[in-house]
Amino acid sequence: MPLFGQQQPAGPPAEALERLRAGAFTSDLSVDELLCLSSVGYEALGLVLGSSIYHIGWQRIRTNRNEELQVISRAMYDARRLAIQRMEQEALAIDADGIVGVRMEITRHEWGADLLEFLFIGTAIRARDPAHRRQPNATPFSSDLSGQDFYKLRLAGFWPVRLVMGSCVYHVSVRSVGQWFRELSGSTEHVPLTQGTYAARELAMRRMEAECTQFGGTGVVAVQVSERNHGWGSHIIEFFALGTAVVPDPQPPQVSPPNVVLTANG
C-alpha cells in the first residue's frame, strides 16, 4: 500500500480564513502550555483544523482467513491525510511555523451510516526568533505533543517534523466448528488469531516508521497505537499508529529548566 494518498485537498473554506485572520487568537492550550511555549520562544496564533468526510468502500472478505483489507486500509489512510493537509493549509494561511497539541476525532453521523468524518485540531504557533522560522513555502511542522512536551523536546535538543501514521484494517478469521470444539476442552491459545492480529499491528507500526523516514525524521515520539472497529462488524478491526517524527537540532535553545518551588505552608 503506498504511503501517501494521491488526492490533493481543496483549500480551507472562506469562513475559516476569515476567522483565522480576525485578530484575536483561539487555542485549546492550557495556561501552563502557553507558558512553556513562550519559554522556548513561540507564540500561539490560533486554532487550526482539517476535516474530511469520507465514504469507506468495501471489498470481498474471505471469512475463514486472516488478511488485510487493503481497500479499506487505503481509504482510512487517505481520509486522514486529506484532513491533516487541510489543517496544515490553515496554518500556512496565518504564516505559522508549526502546530502543537494535535488531536484526532472520528465521527459517524446519523445522516450518513456509510460515511466517517475525520477531524484534526491543533494550535498553530510561530517562532519569535527569525532564525527559527520555517523556510518560505515549507510545510509547518505538526505534532500531537502538548505544550509541556514540546518544551521538553526542545530542551532535549530535538525538532518536531510532522505527524506520522500507519493504518491496517484487518479481517480476523471466523473459528471453524472443529476449532470451537477443541477449545471447549480447555484453555489454549488460538495461534492463528494471535499471529494475525500481531501481524496487523506490526504493519501499522512499520508504515508509521516508513512515513517518518520519508519526511526526513530520525525517530518517532509519543506513539499511540489504537484498535477500533468503526461499526464494520465483529471480525474487522483497524490497527492505527500515530506519533510525532523528530530530528536532532544542531543548535538547541539555551533555556534554563524550571526551578522546583516548595511552599512552607503545607
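Quick note: the coordinates plus some simple rules give every number you see, no bench work behind them. Being a predicted model, the structure only gives us computed values, none of them experimental. Neighbour counts run over all protein chains shown; Cβ positions are idealised from the backbone, glycine included.
Points worth noting:
- Classification of region 23-121 by its C-alpha gyration tensor yields a prolate form. The axis ratio a/c (a ≥ b ≥ c) is 1.5 or more, and a/b outweighs b/c.
- Gyration tensor verdict on region 14-248 (Cα atoms; rounded if a/c is under 1.5, prolate if a/b is larger than b/c, oblate otherwise): prolate
- One decimal place: the segment GLU67-ALA210 gains 49.4 nm when fully extended, by the rule 0.36 nm per residue minus the C-alpha distance.
- Amide H contacts under 5 Å for VAL161: ALA245, VAL246, VAL247, restricted to partners 5 or more places along the chain or on a different chain, H placed in the peptide plane at 1.01 Å from N.
- Here the Karplus relation 6.51 cos²θ - 1.76 cosθ + 1.60, evaluated at θ = phi - 60°, turns the backbone of region 34-42 into coupling constants of 4, 5, 5, 5, 4, 5, 9, x, 10 Hz, with x for every Gly and Pro.
- Mean-position separation - Cα centroids, region 26-85 and region 114-138, in angstrom: 13 Å
- A Förster radius of 25 Å, combined with the Cβ-Cβ distance separating ALA22 from ALA113, puts the computed FRET efficiency at roughly 0.10.
- Backbone HN-Hα couplings from phi across region 95-100 [Karplus 6.51/-1.76/1.60, Hz, Gly and Pro as x]: 6, 7, 9, x, 9, 10
- The H on the amide N of TYR42, modeled in the peptide plane, is under 5 Å from the matching H of ARG128, each at least 5 residues off or on a different chain.
- In region 66-139, chymotrypsin sites (Phe, Trp or Tyr not before Pro) in a DSSP loop with at most 14 other beta-carbon atoms within 10 Å: TRP111
- Backbone N within region 100-118 under 17 Å of label point (7 Å from ARG228 Cα along the Cβ vector): 102-118
- Phi to ³J(HN,Hα) by Karplus 6.51 cos²θ - 1.76 cosθ + 1.60 over region 194-206, Hz, x for Gly, Pro: 4, 5, x, 5, 4, 4, 5, 4, 5, 4, 4, 5, 5
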